[in-house]
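Supplied in structure tokens, the structure appears directly below.
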Amino acid sequence: MTTESASFPSVASAQRSNPFRDRMIGEFDLALRILAGVVEAERRYPGEDCEETVVEPDARRRVAALMRVNHAGEIVAQALYHGQALTARDVEVRAALRQAAREETDHLAWCAHRIAELGDRVSLMNPLWYAGSFAIGAIAGLAGDRTSLGFVAETERQVVEHLESHLEQLPDADRRTRAVIEQMRRDEAHHGSVAKAAGGMDLPGFVQRLMRLTARVMTVTAAKI
């Protein structure tokens, strides 16, 4: 009886690195750490030298709701940037998106820190915001690098407007929260201008309106849940 050797793949070939698979595993691990709050700011907390003036329970709840929305926005930003980086065609664009995400990590940590100071919690919907935004970012990346950069520029422009509206809603004496939001606003404006200068295209009006509507839904929900 003749036996033939089976043509099964060797262990080495089966374990051969798959770049896309490896990146997806890395993205999953990163998502878990972000959603678990295992992030640290590289820069100093902007409100560190400001006295705490938000002491009334109602005021603390209102400010915490604003910062919960901002924290959810930073969860979205992380997911968008990493989703776009995953599908970006140009290596330099991919690196720039990942760098922007690392800089946004400061915002995530600052918002969480301020919410904890106020004795409140982050949004329970954060896993949903992350998953949906990661998918949107990946689709934007597939549309091409100019579209992806344009998406960053438009996102940051709308975020700046959103942060400015929050500054108007803060109690006048709340310099601690104000310092955090003002630094975030400066950083977001910088990211948007860099994306635009790198070749980001202007998005169609209907896309901009859809982005505003989506942001509105997230804002209203995150403030309460």
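Could you check, for the range 162-171, whether at least one of its residues is more than 22 Å from Val217 (Cα to Cα) and of a type outside the set (Ser, Thr, Tyr)?
Applying the first criterion (more than 22 Å from Val217 (Cα to Cα)) to the range 162-171 yields 171.
Then drop every residue that is not of a type outside the set (Ser, Thr, Tyr), which leaves 171.
Yes, the range 162-171 has at least one match.
Every residue in the range 48-86 that is charged (D, E, K, R) and not in a helix (DSSP H, G or I), please.
Result: Glu48, Asp49, Glu51, Glu52, Glu56.
For the range 1-47: of the residues being closer than 28 Å to Val180 by Cα, assigned to a helix (DSSP H, G or I) and of a type outside the set (Lys, Arg), which is modelled with the highest pLDDT?
It comes out as Ile34.
Would you mind finding the one in Ala222, Ala215, Ala195 that is under 18 Å from the mean Cα position of the chain (by Cα), farther than 14 Å from Thr147 by Cα and either crowded, with 19+ Cβ neighbours inside 10 Å or without any contact (Cβ under 8 Å) to a residue 40 or more places away in the chain (or both)?
Ala222
Let me ask another. What residue, of Ala116, Ala135, Ala131, is loosely packed, with under 15 Cβ neighbours inside 10 Å and more than 30 Å from Asp90 (Cβ to Cβ)?
Within the list Ala116, Ala135, Ala131, the selection yields Ala116.
When you scan the range 108-225 for helices (runs of 4 or more DSSP H) that lie fully inside it, which ones turn up with 2 or more residues that are modelled with pLDDT of 90 or more and under 23 Å from Val54 (Cβ atoms)?
On the way: elements: 126-142, 145-169, 175-197, 205-224.
Answer list for the range 108-225: 145-169, 175-197.
Let me ask you something else. Could you tell me which of the residues Ala222, Ala179, Ala197, Ala173 is more than 24 Å from Met125 (Cβ to Cβ) and in contact with a Ser or Thr (Cβ under 8 Å, 6 or more places away or on another chain)? Working first, answer last.
Working: Ala222 fails: more than 24 Å from Met125 (Cβ to Cβ); Ala179 fails: in contact with a Ser or Thr (Cβ under 8 Å, 6 or more places away or on another chain); Ala197 fails: in contact with a Ser or Thr (Cβ under 8 Å, 6 or more places away or on another chain).
So the residue among Ala222, Ala179, Ala197, Ala173 that is more than 24 Å from Met125 (Cβ to Cβ) and in contact with a Ser or Thr (Cβ under 8 Å, 6 or more places away or on another chain) is Ala173.
Residue pairs, Cβ under 7 Å, 6 or more apart or interchain, first in the range 90-109 and small (Gly, Ala, Ser), second part of a helix (DSSP H, G or I). List them.
Final answer for the pair search is Ala100/Tyr81; Ala100/His191; Ala101/Gln78; Ala101/Tyr81; Ala101/His82.
Moving on. Any residue at all in the range 63-73 that is of a type in the set (S, T, N, Q), in contact with a helix residue (DSSP H, G or I) (Cβ under 8 Å, 6 or more places away or on another chain), closer than 19 Å to Ile225 by Cβ and crowded, with 21+ Cβ neighbours inside 10 Å? Before you say what the answer is, go through the steps one by one.
Initial filter on the range 63-73 (of a type in the set (S, T, N, Q)): 70.
Filter again for in contact with a helix residue (DSSP H, G or I) (Cβ under 8 Å, 6 or more places away or on another chain), leaving 70.
Cutting the leftovers down to closer than 19 Å to Ile225 by Cβ gives us 70.
Remaining after also requiring crowded, with 21+ Cβ neighbours inside 10 Å: 70.
The answer is yes, given that some residue of the range 63-73 is of a type in the set (S, T, N, Q), in contact with a helix residue (DSSP H, G or I) (Cβ under 8 Å, 6 or more places away or on another chain), closer than 19 Å to Ile225 by Cβ and crowded, with 21+ Cβ neighbours inside 10 Å.
A further question on this structure: For the range 144-158, which positions are within 14 Å of Val194 (Cβ to Cβ), out of contact with any Leu (no Cβ under 7 Å at 6 or more places or on another chain) and among the β-branched types (Val, Ile, Thr)?
Answer for the range 144-158, where residues must be within 14 Å of Val194 (Cβ to Cβ), out of contact with any Leu (no Cβ under 7 Å at 6 or more places or on another chain) and among the β-branched types (Val, Ile, Thr): just Val152.
Another question, then. Kindly indicate whether any position in the range 86-101 is modelled with pLDDT of 85 or more, surrounded by 24 or more Cβ atoms within 10 Å (Cβ to Cβ) and either over 14 Å from the mean Cα position of the chain (by Cα) or farther than 28 Å from Arg44 by Cβ (or both).
So far as the range 86-101 goes, no, none of its residues is modelled with pLDDT of 85 or more, surrounded by 24 or more Cβ atoms within 10 Å (Cβ to Cβ) and either over 14 Å from the mean Cα position of the chain (by Cα) or farther than 28 Å from Arg44 by Cβ (or both).
What pairs come up if the first residue lies in the range 28-56 and is more than 15 Å from Glu103 (Cβ to Cβ), the second is modelled with pLDDT of 75 or more and of a type in the set (Asp, Glu), and their beta carbons are under 6 Å apart, counting only those six or more places apart or on different chains?
Thr53/Asp174; Val54/Asp174
The values are calculated or read from the model by the stated rules, or taken from the named source; none is laboratory data. Not measured: the values here are computed from a predicted model. When we count neighbours, we look across all protein chains shown, and the Cβ atoms used for this are built from the backbone with ideal geometry, even at glycine.
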